[in-house]
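*Asks:* Please find one structure pasted underneath; my questions will follow.
The values are calculated or read from the model by the stated rules, or taken from the named source; none is laboratory data. Computed from a predicted structure; not experimentally measured. Because the Cβ atoms are built from the backbone with ideal geometry, glycine has one as well, and the counts that use them run over all protein chains shown. These accessible areas exclude ligands, DNA and RNA; they are computed on the full protein's heavy atoms, side chains included. Shrake-Rupley method; radii C 1.70, N 1.55, O 1.52, S 1.80 Å.
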Amino acid sequence: MHAIEKILARASGKDTVTTGEIVKAKVDFAEVNDLYLQTIYSFYEMGGKKVWDKDKLCFVFDHYAPAPTIKSAQIHKEMRQFVQEQGLTHHFDINTGVCHQVMPEAGVVWPGMILVATDSHTTTHGAFGAFGTGVGATDMATIMISGELWFRVPEIIKIEINGQLPEGVMAKDVILYILGKLGADAAVYKAIEFCGSYVESLGVAERMVICNMAVEMGAKTAYMVPNQQVLEYVKARTNRPFDILETDPDFKYAESYIFDISQLSPQVAVPHSVDNVVPIEEAPSVKVDQAFIGACTGGRVEDIKAAADLLRGKKIHPHTRLVVIPASNEVFLEANKLGYVEDLIKAGATFSTPGCGPCLGAHEGVLASGEVCVTASNRNFPGRMGSTGASVYLASPATAAAAALTGHLVDPRTINKGVE
Amino acid sequence: MHNVTGKAFVFGHNIDTDQIYPGRYLELVDPQEIASHCMEGADPTLVQRFTPGDIIVAGRNFGCGSSREHAAITLLHAGVGAVVAESFARIFYRNAINLGITLLVCPEITKEVNEGDILEVNLGEGLVINKTTGKTIKGEKLSDYALEILAHGGIKPLFRKITAQME
Ligand code: SF4
């Protein structure tokens with residue numbers, strides 16, 4: 001069996017599971033974001049009274065933090081009321097950040113667990129060796145009642161990534177490159193394991209970037225064998241015991257791919273699909289109205305550092321905005337302590353409240369029709385970040401920062417780094 | 001678990017939620033009206049030819065696209081007997097089972113079925129019998145839990161029963 005299958009088997013009280021089988025598994029932690037008030041209504045509609053375990057369910061206010069409209073304020077109000085009535089142990093209000101960042105920070109994510117959230121990017125937590133997956137409101141409401149969810153045991157695809165990234169190229173470029181090669185439907189209803197020498201060497205932030213975007217290939221979940229960096233991160237944040245389930249040597253993957261990234265250039269997904277990927281050398285040198293560094297893909301300290309390193313001591317282009325939204329308050333504090341916040345503000349950046357920001361076009365820097373944005377976030381379909389008439393280019397934080405500096409989509413490796 | 005018998009309507013790969021239920025009808029709430037647009041994006045004549053109990057056959061990745069639950073709701077209201085596809089998009093699969101729609105993954109199905117064939121779907125065994133050609137086509141057996149959800153007519157009725165027993 002694969003580690004993913006072992007996680008599902010253990011959680012459903014079975015010795016073995018097979019591909020295609022549907023199992024009923026115990027969920028270790030569940031999260032509802034502030035788009036999904038419906039979960040509470042469905043919970044009551046199905047006769048729910050008390051949630052199955054007050055320590056294992058949380059709400060995260062990230063898509064609308066702080067509330068930009070009366071309607072979203074009402075959602076927050078009803079959710080807060082539910083959190084208080086149910087006495088939930090964990091609650092992440094508007095002062096915390098994006099769910100996929102604040103949960104690992106709070107120590108509710110660990111190797112071998114099952115994490116379910118009302119968000120497709122829950123694949124992110126494969127970075128920790130967790131089984132993370134997204135569901136809709138009805139499914140979540142059944143978890144809130146029973147603590148269990150039915151799963152179809154997925155086919156598993158192996159993506160091996162080897163080599164060492166050249167200077168100026170980031171994890172985001174790696175996953176964009178793979179998306180471009182395999183396509184947006186490469187892993188529909190399947191799971192992806194990322195492995196190889198590159199993956200083994202990665203820190204927590206970069207692993208999260210890659211697993212985050214696995215869902216853009218349709219994947220149900222992503223998985224990486226936890227490495228030393230992950231174990232240190234998790235142990236520093238949780239006291240709960242966990243173990244790492246290992247894939248049997250005779251396990252047969254549904255498909256396997258091998259990539260070498262030693263010669264990779266920065267990559268760009270040009271409008272309007274995530275798999276429309278070209279190397280920066282072939283990308284059009286379009287004029288850029290806004291650069292965005294943030295979201296659950298590109299808002300970590302490492303991402304903000306890449307921008308600060310590029311922009312330190314410089315000024316962004318007068319016709320371009322640079323919106324920076326740290327993925328969490330913890331990230332914000334760390335970036336501040338390291339001086340990156342000051343570097344970027346002096347360069348002309350606009351900082352906003354940790355959360356999703358304009359990633360899904362709700363607030364904090366949405367785009368007008370005809371505008372062009374280069375973004376470190378994860379989706380570029382029409383209307384994702386505001387007007388359906390806007391054009392969104394997905395790229396690394398370094399490429400986004402270079403666009404802010406020059407006012408054009410350019411190769412970040414052509415920019416001289418700022419003074420230390 | 002009872003078997004389902006009906007006439008087959010055959011579709012290709014990647015039938016997305018917009019083809020199953022075009023976005024411009026998302027505001028409709030009347031079940032009859034929702035049913036009247038079933039599969040309209042893929043075949044506008046389907047609803048006239050379709051009788052409750054008939055079976056949708058499709059290739060890979062049926063139900064891809066947005067997570068809209070309407071795609072499953074329209075099939076439910078149209079009275080679809082079963083959807084048999086080579087594979088399903090994940091969110092559609094979950095939504096449909098949760099609503100009590102019979103689904104079967106059957107990797108060879110489009111090779112073995114022509115439009116208008118009479119099919120019998122044997123859920124318990126995970127098989128499709130093509131009564132027109134006499135062939136038996138093997139699919140993936142549904143789990144006991146999925147069968148339990150289907151037997152209750154969906155996950156909400158099942159959970160109402162469970163929560164009533166919790167009292
Ligand atoms: S940052 Fe964007 S992708 Fe991530 S959870 Fe928020 S809206 Fe979704």
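*Asks:* What is the distance in Å between the Cα centroid of region B:127-167 and that of region A:351-395?
*Replies:* Cα centres, region B:127-167 to region A:351-395: 42 Å.
*Asks:* Let me ask something additional. Against the longest principal axis of chain A, how steep is helix A:137-146, in degrees 0 to 90 to the nearest 10, with axes from Cα atoms?
*Replies:* 40 degrees
*Asks:* Still on this structure: Estimate for me the total accessible surface buried between chains B and A (protein heavy atoms, probe 1.4 Å, no ligands or nucleic acids), in Å² to the nearest 100.
*Replies:* 2200 Å²
*Asks:* Which residue, A:F242, A:F128, A:F43, has the most motion in a Gaussian network model of chain A that connects Cα atoms within less than 10 Å?
*Replies:* Between A:F242, A:F128, A:F43, it is A:F242 that shows the largest mean-square fluctuation.
*Asks:* So with the 1.4 Å probe, I'd like the accessible area per residue for region A:332-420, rounded to whole Å².
*Replies:* 38 Å²
*Asks:* In whole Hz and in residue order, list the ³J(HN,Hα) couplings for region A:194-199 that follow from phi through the Karplus curve 6.51 cos²θ - 1.76 cosθ + 1.60, θ = phi - 60°; x for Gly and Pro.
*Replies:* Karplus values, whole Hz, x for Gly and Pro: 9, 8, x, 5, 5, 4.
*Asks:* Also, I was wondering about something else. Would you mind pulling out the separation of the Cα centroids of region A:219-273 and region A:80-107, in Å?
*Replies:* The two parts, judged by their Cα centres, are 26 Å apart.
*Asks:* Which residue, A:L231, A:A398, A:C211, has the largest displacement toward the positive end of the dipole of chain A when charges sit on each Cβ (Lys, Arg +1; Asp, Glu -1)?
*Replies:* A:A398
*Asks:* Also, I was wondering about something else. Under the rule of -39500 (n - 2.57) per DSSP H run of 4 or more residues, summed and divided by the residues of the protein assembly as shown, what mean residue ellipticity at 222 nm is obtained, to the nearest 500 deg cm²/dmol?
*Replies:* -8500 deg cm²/dmol
*Asks:* Lys and Arg at +1, Asp and Glu at -1: add these up for the other residues within a Cβ distance under 12 Å of A:D248 and post the number.
*Replies:* That works out to -1.
*Asks:* How far is the Cα center of region B:33-103 from the Cα center of region A:3-46, in Å?
*Replies:* Region B:33-103 and region A:3-46 have Cα centres separated by 24 Å.
*Asks:* Using a cut-off of 14 Å between beta-carbons, work out the net charge of the residues near B:A78 (Lys and Arg +1, Asp and Glu -1, B:A78 not included).
*Replies:* -3
*Asks:* Tell me which lysines have Cα within less than 21 Å of A:K50's Cα, excluding those fewer than 8 residues away on the same chain?
*Replies:* Cross-link targets: A:K24, A:K26, A:K77, B:K156, B:K161.
*Asks:* Are there residues in region B:87-113 whose accessible area shrinks by at least 50 Å² when all protein chains are included rather than the chain by itself, and which are they (probe 1.4 Å, ligands and nucleic acids not counted)?
*Replies:* Buried-area filter returns B:R90, B:Y93, B:R94.
*Asks:* Something else now. Using protein chains only (no ligands, no nucleic acids) and a 1.4 Å probe, work out which residues of region A:124-155 have their accessible area cut by at least 30 Å² relative to the chain alone.
*Replies:* Residues of region A:124-155 that lose at least 30 Å² of accessible area once the other chains are added: A:T138, A:D139, A:T142, A:I145, A:W150, A:R152.
*Asks:* Right, next: Out of the total accessible area of the protein assembly as shown (probe 1.4 Å, heavy atoms of protein only), what percent is carbon and sulfur?
*Replies:* Answer for the protein assembly as shown is 51 percent, counting heavy atoms of protein chains only.
*Asks:* Taking 8 Å as the Cα distance limit and 6 or more residues as the minimum spacing, I'd like the relative contact order of chain A as a percentage.
*Replies:* Contact order relative to length: 17 percent.
*Asks:* Same structure again: Leaving out ligands and nucleic acids, and using a 1.4 Å probe, what accessible area per residue does region A:229-308 come to in Å²?
*Replies:* Result: 49 Å² of accessible area for each residue.
*Asks:* For region B:92-106, just list the computed ³J(HN,Hα) in residue order, Karplus coefficients 6.51, -1.76 and 1.60, θ = phi - 60°, integers in Hz, with x standing in for Gly and Pro.
*Replies:* 3J(HN,Hα) across region B:92-106, in whole Hz: 4, 4, 5, 4, 5, 4, 4, 8, x, 8, 6, 10, 9, 8, 9.
*Asks:* Among bridges DSSP assigns within region A:268-414, what percent are antiparallel (round to 5)?
*Replies:* Rounded to the nearest five, the antiparallel share is 20 percent.
*Asks:* By how many degrees, 0 to 90 and rounded to 10, does the Cα axis of helix A:171-182 deviate from the longest principal axis of chain A?
*Replies:* So the inclination is approximately 70 degrees.
*Asks:* Between A:Q81 and B:E125, what is the label-point separation in nm under the 7 Å Cα-to-beta-carbon projection?
*Replies:* Modelled inter-label distance: 5.4 nm.
*Asks:* Something else about it: Order the following by accessible area, largest value first: A:Y44, A:Y189. Probe radius 1.4 Å; ligands, DNA and RNA are ignored.
*Replies:* A:Y44, A:Y189
*Asks:* Report the gain in length on full extension from A:K49 to A:Q263: 0.36 nm times residue separation, minus Cα-Cα distance, nm rounded to one decimal.
*Replies:* 71.4 nm
*Asks:* Considering only protein heavy atoms, what per residue accessible area in square angstrom results for chain B with a 1.4 angstrom probe?
*Replies:* Result: 43 Å² per residue.
*Asks:* Pairing the Cα long axis of helix A:301-311 with the longest principal axis of chain A, what angle in degrees results, from 0 to 90 and rounded to the nearest 10?
*Replies:* It is inclined by approximately 0 degrees.
*Asks:* Can you check what the net charge comes to around A:E45, using other residues whose Cβ is under 11 Å from the Cβ of A:E45 (Lys, Arg +1; Asp, Glu -1)?
*Replies:* Result for the local shell: +2.
*Asks:* Counting DSSP beta bridges in region B:4-166, what percent are antiparallel, to the nearest 5?
*Replies:* Percent antiparallel among DSSP bridges in region B:4-166 is about 50.
*Asks:* Moving on to the next point. On a straight-distance basis, which lysines could pair with A:K172 in a cross-link, Cα separation under 16 angstrom, same-chain partners fewer than 8 positions away excluded?
*Replies:* Answer for A:K172, where 16 Å is the Cα cut-off: A:K181, A:K305, listed by chain and number.
*Asks:* List the residues whose amide H sits under 5 Å from the amide H of A:N380, counting only those 5 or more places along or on another chain, with H placed 1.01 Å from N in the peptide plane.
*Replies:* A:V274
*Asks:* Give the cross-link partners of A:K252 among the lysines, using a straight C-alpha distance below 19 Å as the criterion and excluding same-chain residues fewer than 8 apart.
*Replies:* A:K6, A:K158, A:K190, A:K220
*Asks:* Hey, another quick one. Which percent, to the nearest 5, of DSSP beta bridges fully inside region A:3-258 are antiparallel?
*Replies:* Bridges in region A:3-258 are about 15 percent antiparallel.
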